[in-house]
Amino acid sequence: MANTGKARAYTNIALIKYWGKKDDDLILPMNSSLSLTLDAFYTETTVHFDETLKEDQFYLNQTLQNPTQTKKTTRFLDLVRHEAGITTPAIIESTNYVPTAAGLASSASGFAALAGAASLASGLELDLQALSCLARRGSGSATRSIYGGFVEWQMGSNDLDSYGVPIDDASSWDLAMLFVVVNQKEKVISSRDGMKQTVATSPFYSGWLESTAKDLITIKEAIKEHDFQKLGETMESNGLKMHATMLGATPPFTYWEPDSIQAMQFVAELRQEGIPCYFTMDAGPNVKVLCHKSDLPKIKAKFATIFQETQLITAYPGPGIQLSKGDF
Ligand code: PMV
């Protein structure tokens, strides 16, 4: 059908974090970041521009959203409409394929899929780089979900040069990521507000910027060399440094919960037992453990001593965005 576009995009987890914006409107980050796209969680979105509509209609997981819930989507579609020279409203149907009770953010896969579907439906012919720039305007982490495997988001300095770059599709590694779902409730402080507060007030922020630039170089070396220990150590230390900036903010805040700390301790214990694994955390209490596929059973067994089966979700490296005018 003309005027219709469909996209499937997978979520990603940053190994080198994006934390802080230098431009709130364009979503230009203060630092470059690097992530791994995963196969377990994705969003499928269909956008259909329809002259007979009065305004956008947004269905999320088959439920029509109210005007407040639709606002962010409409604002994003306005960028696409502006670029395509149209004013037509759209029906947007978006489904998040996230294991039930995962409590995991879907803004990365959500805005990447929306960017793909909307640009296709509007007739904009964007290459992946331009699509990555567009996805960025919805949510920073979406910039990286255009590609599979390891992806660097080069911070750039303007709307056109801040985009994701594929580094390695990760298919020649036996990598896995275990999600330890500590709490599935929506976070109290959004990443947007958390970043703002940190950049504006944390005396540790300049140290973060300095060391994250070095971490990015180190992790790219580790990917090239297939050095799992270097990859994991750099990821873990980078995540901890991001969380440390928040403790220095005014007022201070943290996303950690008691079970998050327990999970981090488990990872340290597993390493002492000779099992290589490393953790990272985002703007929430859940802990993600990077490991070799072959070590998953032992790692899961350890976590299963205090976490329930449904709190432990396994993911593997995932692919880049898929676009279609019809079905997949
Ligand atoms: O793009 P946002 O607003 O979801 O922010 C993502 C922030 C972190 O997840 C903490 C780090 C990252 O690089 O994904």
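The values are calculated or read from the model by the stated rules, or taken from the named source; none is laboratory data. Everything numeric here is computed off the predicted structure, so don't read it as measured data. Positions of Cβ are backbone-derived with ideal geometry, glycine not excepted, and every protein chain shown enters the neighbour counts.
Scanning region 192-228 for residues that are among the polar types (S, T, N, Q) and either farther than 22 Å from Asn286 by Cα or modelled with pLDDT under 95 (or both) gives Thr201, Ser202, Ser206, Ser211, Thr218. Residues of region 30-45 that are buried (at least 23 other Cβ atoms within 10 Å of the Cβ) and modelled with pLDDT of 95 or more: Ser33, Leu34, Ser35, Leu36, Thr37, Leu38, Tyr42, Thr43, Thr45.
Just name the residue that is surrounded by the fewest Cβ atoms within 10 Å (Cβ to Cβ) out of those in region 139-148 that are of a type outside the set (Ser, Thr, Tyr) and under 15 Å from Leu128 (Cα atoms).
The qualifying residue surrounded by the fewest Cβ atoms within 10 Å (Cβ to Cβ) is Gly148.
Taking the criterion of being under 16 Å from Thr11 (Cα atoms) and touching an Asp or Glu at 6+ places or on another chain (Cβ under 6 Å), the only residue of region 155-187 that qualifies is Val165. Leu126 versus (1) in contact with a Phe, Trp or Tyr (Cβ under 6 Å, 6 or more places away or on another chain); (2) surrounded by 18 or more Cβ atoms within 10 Å (Cβ to Cβ): which is the lone unmet condition? Condition not satisfied by Leu126: (1). Pairs meeting the criteria (first residue in region 292-313 and free of Cβ contacts under 8 Å to residues at least 40 places away in the same chain and farther than 19 Å from Leu38 by Cβ, second residue among the polar types (S, T, N, Q) and assigned to a helix (DSSP H, G or I), beta carbons under 7 Å, at least 6 apart or on different chains) are lacking.
Results for (1) part of a helix (DSSP H, G or I); (2) without any contact (Cβ under 8 Å) to a residue 60 or more places away in the chain; (3) within 16 Å of the ligand (Cβ to nearest atom); (4) surrounded by fewer than 17 Cβ atoms within 10 Å (Cβ to Cβ), shown as yes or no for each residue.
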| site | (1), (2), (3), (4) |
| --- | --- |
| Thr68 | yes, yes, no, yes |
| Leu77 | yes, yes, no, no |
| Ala112 | yes, no, yes, no |
| Ala117 | yes, no, no, no |
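Tell me which residues, restricted to region 29-43, are outside any loop (DSSP other than H, G, I, E, B), in contact with a helix residue (DSSP H, G or I) (Cβ under 8 Å, 6 or more places away or on another chain) and either more than 9 Å from the ligand (Cβ to nearest atom) or more than 12 Å from Gly164 (Cβ to Cβ) (or both).
Of region 29-43, the ones outside any loop (DSSP other than H, G, I, E, B) are 29, 33-43.
Subset that is in contact with a helix residue (DSSP H, G or I) (Cβ under 8 Å, 6 or more places away or on another chain): 29, 33-35, 37, 41-43.
Residues satisfying the conditions are Thr37, Phe41, Tyr42, Thr43.
For region 7-21, the tally of residues that are within 9 Å of the ligand (Cβ to nearest atom) and hydroxyl-bearing (Ser, Thr, Tyr) stands at 1. Filter region 232-274 for residues that are touching a residue at least 40 places away in the same chain (Cβ under 8 Å), hydroxyl-bearing (Ser, Thr, Tyr) and part of a helix (DSSP H, G or I) and give the result. Answer for region 232-274, where residues must be touching a residue at least 40 places away in the same chain (Cβ under 8 Å), hydroxyl-bearing (Ser, Thr, Tyr) and part of a helix (DSSP H, G or I): Thr234, Thr245, Ser260. Checked against the criteria, Pro285 does not count as surrounded by fewer than 19 Cβ atoms within 10 Å (Cβ to Cβ) and not in a helix (DSSP H, G or I).
Residue-level analysis places Val151 among those that are in a strand (DSSP E or B) and buried (at least 24 other Cβ atoms within 10 Å of the Cβ).
For region 192-217: of the residues being aliphatic (A, V, I, L, M) and over 14 Å from Lys22 (Cα atoms), which is nearest to the ligand (Cβ to nearest atom)? Of everything passing the filter in region 192-217, Leu216 is nearest to the ligand (Cβ to nearest atom). The combined condition, being within 14 Å of the ligand (Cβ to nearest atom), within 26 Å of His48 (Cα to Cα) and not in a helix (DSSP H, G or I), is fulfilled by Gly138.
Residues of region 179-191 that are more than 15 Å from the ligand (Cβ to nearest atom) and either more than 29 Å from Cys291 (Cβ to Cβ) or modelled with pLDDT under 95 (or both): Val181, Val182, Asn183, Gln184, Lys185.
Gln229 fulfils the conditions (1) in contact (Cβ under 8 Å) with a residue 40 or more places away in the chain; (2) farther than 22 Å from Cys291 by Cβ; (3) part of a helix (DSSP H, G or I) except for a single criterion, (2).
Hey, any hits in region 153-166 for a residue that's farther than 23 Å from Phe76 by Cβ and away from the ligand (no atom under 11 Å from the Cβ)? Scanning region 153-166, I find at least one residue that is farther than 23 Å from Phe76 by Cβ and away from the ligand (no atom under 11 Å from the Cβ), so the answer is yes.
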